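Chemist: Here you go, one structure.
The values are calculated or read from the model by the stated rules, or taken from the named source; none is laboratory data. Because the structure is a prediction, the values reported are computed rather than measured. With ideal geometry, Cβ positions are generated from the backbone for all residues, glycine too; neighbour counts draw on all protein chains shown.
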Amino acid sequence: MPDDVMLEVADLHAFYGESHVLHGVSLTVPKGEVVTLLGRNGAGKTTTLRSIMGIVPRRDGSIRMEGTETVGLAPHRIPRLGIGFVPEERGIFSSLDVEENLMLPPVVRPGGMAVEDIFRLFPNLKERRRSQGTKLSGGEQQMLAIARILRTGATLLLLDEPTEGLAPVIVQQIGRVIRELKAKGFTILLVEQNFRFAATLADRHYVMEDGRIVDMIPNEQLEANMERLHEYLGV
Amino acid sequence: MFEFLGVPPQALFGQLLLGLINGSFYALLSLGLAVIFGMLNVINFAHGALYMVGAFTAWLMLQYLGIGYWPALILAPLVVGLFGIILEKTMLSRLYKLDHLYGLLLTFGLALILEGMFRHWYGASGQPYRIPDALQGGRNLGFMFLPNYRGWVVVASLVVCLGTWYAIERTRLGAYLRAATENPVLVQAFGINVPRMITLTYGFGVALAGFAGVLAAPIYQVNPLMGSNLIIVVFAVVVIGGMGSIMGAIVTGFALGLLEGLTKVFYPEASNIVVFVVMAVVLLIKPAGLFGRER
């Protein structure tokens, strides 16, 4: 595998009980890029991220993080390879205050962002350090969910629909944050429904349908492929 | 001397002290149950039996190894905790994917087996355990006589309960525990070994029961059934306080002990059922318990 590949997923199958959800997903995330997974509801985008984190009941195939095979690793070992996860439901803990939420994920390798730098990126969070995590607004909770994995030294960030249900102003703000993170050298795999948002950030787009990758479109060819994309996404 | 509502103060304070002693044990035991339920979603019916095992471990250590009260106060909870870790690893951990009822049945069965074994070996009559020399005797507080050992039990229980509360609510390790109680899968996805946390939590919860057992040994006799007599009241305490609430378990434990003591003074006939009356009322008005959060 070339050195510039961060994550390589090959022929990934995932199962929830009897139901076979992913049917041979393959994708590559190069270092330093923002890659999106587009697709309709139920196409398997979230399951793909959860499979990468090892938190689906069963998965087969190959998922390599910087060359290390993770299928077969215990779930708590996978983030320690340098992967940070922001789940779809944001996963802010109500029994923890904002600062405790921020400090919860253990540092997995050196080189994470300092807390002061995180607060500079998300000034709202600093003001509300002592609030209960779930008392924050939806946008602030999303910021917190992103902020807490920047401390850990993770170099690959998996973001599951960070803009879902948020007001346009907040969506813009999150777009700015993601651009800034990319400039800092983070590699990002982003699940999105909102491809207009994704188009402003991403280097390439994978399109999913029924648990399979059906297309890969580099961002510079997005305009030329707009019609195809509309068809995939049914918009 | 003055009387209070027709009750001599000696009797009033005496019963309040007895209530406080009982409350000390209710608090320690319901705290362990609450910690275990929060993390494992298992109602640990073996809790009373493990309290008894803690007391017997101290007694056996003294009888056969010459290990006295103070070392036993540390060693017996460790033994019980280790036993709990083995139980969790080999049996309980297989049941998490099933209904809560299976964990309850397993721990209930374990309680019966443990009690049966100790009854078989040591009979149903109690074994005496001497109060350690340093805590013999008592002191006159002016309004009442306080046996030193009983004072020690209340203090030790308070310190351990509040220490546990602090560790869970105010430290980083406690934050892991609270987070994993709420969303274990996500905590795992941050790189924390949740199955090991669950095992250690069970070990810690039952070690608290073991500790309570050692504290109880010099007060009550060391008896194979001492746990099952107590545990029913403790379950009522947990229901009143609210499942999974740490401070709720502590406060409710002490408060109900005191309430029982007061009832003994003013209406002794009701003293054995007052806890259950409170439980019924709380369940009617606030089903999640006084300190519980609706899930």
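Chemist: Within 25 Å of B:THR201 (Cα to Cα), in contact (Cβ under 8 Å) with a residue 12 or more places away in the chain, crowded, with 24+ Cβ neighbours inside 10 Å and of a type outside the set (S, T, N, Q) - does that describe any residue in region B:4-23?
Modeler: Yes, because at least one residue in region B:4-23 is within 25 Å of B:THR201 (Cα to Cα), in contact (Cβ under 8 Å) with a residue 12 or more places away in the chain, crowded, with 24+ Cβ neighbours inside 10 Å and of a type outside the set (S, T, N, Q).
Chemist: OK, next. Among the residues of region B:266-295, how many are surrounded by 20 or more Cβ atoms within 10 Å (Cβ to Cβ) and either assigned to a loop (DSSP other than H, G, I, E, B) or touching a strand residue (DSSP E or B) at 6+ places or on another chain (Cβ under 8 Å) (or both)?
Modeler: Selection size over region B:266-295: 3.
Chemist: State whether the residues of region B:105-128 include one that is touching a strand residue (DSSP E or B) at 6+ places or on another chain (Cβ under 7 Å) and in contact (Cβ under 8 Å) with a residue 60 or more places away in the chain.
Modeler: Yes, that holds for at least one residue.
Chemist: Just one of A:GLU66, A:GLU100, A:GLU88 is facing chain B (nearest Cβ under 9 Å), touching a helix residue (DSSP H, G or I) at 6+ places or on another chain (Cβ under 8 Å) and charged (D, E, K, R); which is it?
Modeler: Being facing chain B (nearest Cβ under 9 Å), touching a helix residue (DSSP H, G or I) at 6+ places or on another chain (Cβ under 8 Å) and charged (D, E, K, R) holds for just one of A:GLU66, A:GLU100, A:GLU88, which is A:GLU100.
Chemist: Within 11 Å of chain B (Cβ to nearest Cβ) and closer than 26 Å to A:VAL9 by Cβ: is that true of A:PRO57 in this structure?
Modeler: yes
Chemist: Given the residues A:ALA198, A:ALA202, which is the only one that is assigned to a loop (DSSP other than H, G, I, E, B) and surrounded by 18 or more Cβ atoms within 10 Å (Cβ to Cβ)?
Modeler: Being assigned to a loop (DSSP other than H, G, I, E, B) and surrounded by 18 or more Cβ atoms within 10 Å (Cβ to Cβ) holds for just one of A:ALA198, A:ALA202, which is A:ALA202.
Chemist: Going by what's in this entry, would A:ARG212 be described as out of contact with any His (no Cβ under 7 Å at 6 or more places or on another chain) and charged (D, E, K, R)?
Modeler: No; evaluated as a whole, the condition is false for this residue.
Chemist: Something else about it: Restricting attention to region A:43-54, which residues are within 10 Å of chain B (Cβ to nearest Cβ) and either touching a helix residue (DSSP H, G or I) at 6+ places or on another chain (Cβ under 7 Å) or modelled with pLDDT under 95 (or both)?
Modeler: A:MET53, A:GLY54
Chemist: Out of the residues in region A:192-216 meeting the condition of being over 18 Å from A:ALA10 (Cα atoms) and in contact with a strand residue (DSSP E or B) (Cβ under 6 Å, 6 or more places away or on another chain), tell me which one is modelled with the lowest pLDDT.
Modeler: Filtering first and then ranking leaves A:PHE195.
Chemist: Assuming A:ALA43 fulfils every condition listed in (1) surrounded by fewer than 22 Cβ atoms within 10 Å (Cβ to Cβ); (2) more than 15 Å from A:LEU158 (Cβ to Cβ) apart from one, which condition is it?
Modeler: Of everything listed in (1) surrounded by fewer than 22 Cβ atoms within 10 Å (Cβ to Cβ); (2) more than 15 Å from A:LEU158 (Cβ to Cβ), A:ALA43 misses just condition (1).
Chemist: Which residue, of B:VAL214, B:VAL185, is part of a helix (DSSP H, G or I) and either more than 9 Å from chain A (Cβ to nearest Cβ) or surrounded by 17 or more Cβ atoms within 10 Å (Cβ to Cβ) (or both)?
Modeler: Being part of a helix (DSSP H, G or I) and either more than 9 Å from chain A (Cβ to nearest Cβ) or surrounded by 17 or more Cβ atoms within 10 Å (Cβ to Cβ) (or both) holds for just one of B:VAL214, B:VAL185, which is B:VAL214.
Chemist: What are the pairs, 6+ residues apart or on separate chains, where a residue within region A:39-56 that is over 11 Å from A:GLU209 (Cβ atoms) has its Cβ under 7 Å from a residue that is in a loop (DSSP other than H, G, I, E, B) and of a type in the set (D, E, K, R)?
Modeler: A:THR46/A:GLU88
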